[in-house]
1. Check F59 against each of (1) among the aromatic types (F, W, Y); (2) surrounded by fewer than 21 Cβ atoms within 10 Å (Cβ to Cβ); (3) in contact with a Leu (Cβ under 9 Å, 6 or more places away or on another chain) and name the one condition it does not meet.
2. So which of A244, A281 ends up being modelled with pLDDT under 95 and among the hydrophobic types (A, V, I, L, M, F, W, C)?
3. If you go through the range 290-307 one residue at a time, do you hit one that is closer than 21 Å to S53 by Cα and either exposed (fewer than 13 other Cβ atoms within 10 Å of the Cβ) or not β-branched (V, I, T) (or both)?
4. When you scan the range 2-19, how many residues do you find that are surrounded by 14 or more Cβ atoms within 10 Å (Cβ to Cβ) and either within 11 Å of G92 (Cα to Cα) or without any contact (Cβ under 8 Å) to a residue 60 or more places away in the chain (or both)?
5. Residues in the range 168-182: is at least one in contact with an Asp or Glu (Cβ under 9 Å, 6 or more places away or on another chain), of a type in the set (S, T, N, Q) and either in contact (Cβ under 8 Å) with a residue 60 or more places away in the chain or under 20 Å from S119 (Cβ atoms) (or both)?
6. Exactly one condition in (1) buried (at least 18 other Cβ atoms within 10 Å of the Cβ); (2) more than 21 Å from I60 (Cβ to Cβ); (3) of a type outside the set (D, E); (4) not assigned by TED's automatic domain parsing to the domain that holds R230 is false for P276; which is it?
7. Just give me the residues in the range 167-179 being among the small types (G, A, S) and assigned to a helix (DSSP H, G or I), in sequence order.
Amino acid sequence: MRAIVVDEFGPPERLRLGEMPAPQPGPGEVLVEVNMAPVNYVDLLVVSGTYQSLPARPFIPGKGPVGVVTALGPGLTAPSIGDRVLAMAEEGGYAEAVALRADQCYRLPPRMSFVEAASLSLVYDTAWFALRERARLVPGETVLVLGASGGVGHASVQLARAIGARVLAGIARPERAATALGAGADVVIDLSPENLRDTLREQVWAATDGQGADVILDPLGGDVFGAALRALAWAGRLVVIGFAAGQIPMVKTNYLLLKNIEVSGLQVSDYRKRRPAQMAACFAEIFELYDQGAITPATAQVFPLDQAGEALAAVRDRRLAGRAVLRLRDD
């Protein structure tokens, strides 16, 4: 089968299209014929060799592809052959087929296209666990979403709004303000000033009558983290999702004590492995919100499989306004 094969870690420009044996589903597994695969920032970290857990080489990268179940492993009766599913594989998505645990497949709503499902993959579940599980968001609270124009940011804005929160969208590019507001944000917070340590808090206080944000989601890290921490309300919660800004920040715990605030982290793949029932509940709510029209996956730019390196480079260089997905087959 056709697949992107990583022999050595490096920049995405080195990725090559190759041939690999088609996988066979083992006990408890299903085989999914891949139609679309999302291009995620985390995939960039994996192929470059900088992610916290790395597969043995050679390997096929790609998390969370979507497609059709074509075979069941021994003893399985569900899902059914022919089901259209979101396949939350940890790797192997940049290929024509992938084998994975049956409980990691989630049946798509009938009207959801494969492109929409790939655009939704890995970002809406990350946002859901950040808001529902780690931050314990309740209706009426104020959420500041940093990096709101990115994949997880866009999903977080929409989900927070659907839950009933007031949403502040933190963006570093003013030209993307309209997109953030269109996703459901109430207020745009400018992350571009050099003196962000003061200006971020000033903007958040102005938008919250001096109270601060009850919840902050941070996929950026770097200097933004410290500035955001100062913008939390009393007993606020900040969830660390990633470090797209590059630098891993440090926190002085006395500040947590003084304001009764929490800082927690989210590694969403651990929930897939350790709490599959909770992950199923996550996607059940996401798909229900989609059917209700409460959330809309970001517009995706579609790349052919042999341009996977170009797609990842576009994500790395922030050249895309929406999501990037790879097309393996037509819908």
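1. (3)
2. A244
3. No - not one qualifying residue is present in the range 290-307.
4. Here the count works out to 6.
5. no
6. Unmet condition: (1).
7. Answer for the range 167-179, where residues must be among the small types (G, A, S) and assigned to a helix (DSSP H, G or I): A177, A178.
The values are calculated or read from the model by the stated rules, or taken from the named source; none is laboratory data. These numbers were taken from a predicted model, which means no experiment stands behind them. Glycine gets a Cβ as well: all are built from the backbone with ideal geometry, and neighbour counts include every protein chain shown.
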